[in-house]
1. Regarding B:S279, is this residue surrounded by fewer than 20 Cβ atoms within 10 Å (Cβ to Cβ), modelled with pLDDT under 95 and among the hydroxyl-bearing types (S, T, Y)?
2. Of the conditions (1) among the aliphatic types (A, V, I, L, M); (2) part of a helix (DSSP H, G or I); (3) out of contact with any Gly (no Cβ under 8 Å at 6 or more places or on another chain), B:A146 satisfies every one except a single condition; which number is it?
3. State all residues of the stretch B:195-215 that are in contact with a Pro (Cβ under 8 Å, 6 or more places away or on another chain) and hydrophobic (A, V, I, L, M, F, W, C); if no residue qualifies, say none.
4. What is the one condition in (1) of a type in the set (G, A, S); (2) under 27 Å from A:I19 (Cα atoms); (3) without any contact (Cβ under 8 Å) to a residue 60 or more places away in the chain that B:A221 does not satisfy?
5. What helices (runs of 4 or more DSSP H), lying completely within chain A, carry at least 1 residues that are without any contact (Cβ under 8 Å) to a residue 60 or more places away in the chain, over 16 Å from the mean Cα position of the chain (by Cα) and within 10 Å of chain B (Cβ to nearest Cβ)?
6. So which residues in the stretch B:256-310 are among the hydroxyl-bearing types (S, T, Y) and in contact with a Gly (Cβ under 9 Å, 6 or more places away or on another chain)?
7. Would you confirm whether or not the stretch A:11-32 contains a residue that is closer than 22 Å to B:R212 by Cα and in contact with a Gly (Cβ under 6 Å, 6 or more places away or on another chain)?
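The values are calculated or read from the model by the stated rules, or taken from the named source; none is laboratory data. Everything quoted here is computed from the prediction, not taken from an experiment. Here the Cβ positions follow ideal geometry from the backbone for every residue, glycine too, while neighbour counts run over all protein chains shown.
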Amino acid sequence: MLSVPATQQRQARQEADAIVMQQALKVIFFAMPFLFGIGFIAPVTAELMALVGVEAPLGLSRIGFGLLFGGLWGAYATIKGSWL
Amino acid sequence: MDASAGAFVSPPDLRDHSGTGTPRHDPSGRSKPGGVSILATEERQRLLRMEREIAARHIGAPAWGYTAFTLSGFALWVALFPLAAVGAVPLWLAFVVSTILATGGYVPCHEAMHCNIARKGSRFYWLNELVGQVSTIPLICPYSMARVMHLEHHYHCNDPMRDPDYPDAAPSAWRAIVKTWLNRQPRNGGAMHNYKRILAELGTPAAKRAERDTVILQLLAMGFFFSMAWGGYALVIALVWWLPRHIALSYIRFYLSWAPHHPRQEKGRYGNTRPFKSSLGNLLSLGMQYHVVHHLYPGIPIHRTRPAYYEMRDILAARGIDVSAL
């Protein structure tokens, strides 16, 4: 079996790590609208409802409704590529 | 291509040895079919000399005000978050101030892109870079990305494939405003799609740095958004950063990209930009009424493009530019 120099092994490992990182980032950015929906739109919705004194329907909490609303809208934007 | 190279003026391939951004040939668009210029060569050279003399009086004008505005504005912008969170500043006021700072902040950044605050190699160049770095944080667009894209815009103005700002083209002002927002949708093939494609084509260290910085800044900003929102400050973040950013991006796209380049049909030095009269005036249109001067001589700071324009007006008219608006 041929031995591979340590520098080449290190370089190959770094390149593999870079590819994994790029793929992970692609997934994160592809799913960013959904993440934005649950990470940002959900709490904004809940705070807005509290501000105007509106209760969530179907016995949900405000943040529960926010998660449902933001999650669905974010999922729609992720799939369609547009918030509209 | 290094983003900082040729940052002062026009693309290097168009520059003459004076470094004033004057082209060696005449890509003015004032040519008849077959490349025969309307103006005689001697006349063009005479106009060019006059143009350069005027430009030389304005290039390198002091631009310290941009530094003061940026650093104080950024400090104020950062302070708005805790001030709004504890209720020391009403949320509506924080929203208004943040929108103004995010929008106005692009102007000093634009000056920094052209090294108009301090030239590369000078003692205060670090300040030029600091202004650039700081001023686009509210827009969640790193300076490295903004600069590479802006310089590409100068190099390939109105080229459908190579001008990063070309997706802003629209037949009317209202449609342009709507398009600024449509172009920011996740996968509609608008501005960001264009940016990514051009960065990949460039493949330079500056382009790679711009891509890396964009990923980092966007992830940091989203992390901040999510943690603050779930920490009970969702409306603060929405009204001090998220909404001002979107308004600022649309405003900047409209006034810095659509308005001065509409209808984006000509690529030549004297045809790719138009003087226009803004109903909001020169200040609120971010100095873009005289954008033609900026494209001819990017080394002239934005606050000097107006006097430079009126000094050059007759020359520009002789070059075939429609100066009737101003």
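1. yes
2. Tallying (1) among the aliphatic types (A, V, I, L, M); (2) part of a helix (DSSP H, G or I); (3) out of contact with any Gly (no Cβ under 8 Å at 6 or more places or on another chain), B:A146 fails exactly one: (3).
3. Those that are in contact with a Pro (Cβ under 8 Å, 6 or more places away or on another chain) and hydrophobic (A, V, I, L, M, F, W, C): B:I198, B:A210.
4. Answer for B:A221: the failing condition is (3).
5. A:42-52, A:62-80
6. B:Y270, B:Y297, B:T305, listed by residue number.
7. no
Matching residues to (1) away from chain A (no Cβ under 14 Å); (2) modelled with pLDDT of 95 or more; (3) more than 24 Å from B:A259 (Cα to Cα):
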position: B:S172; (1), (2), (3): yes, yes, no
position: B:N183; (1), (2), (3): no, no, no
position: B:N188; (1), (2), (3): no, no, no
position: B:N194; (1), (2), (3): yes, no, no
position: B:P205; (1), (2), (3): yes, yes, yes
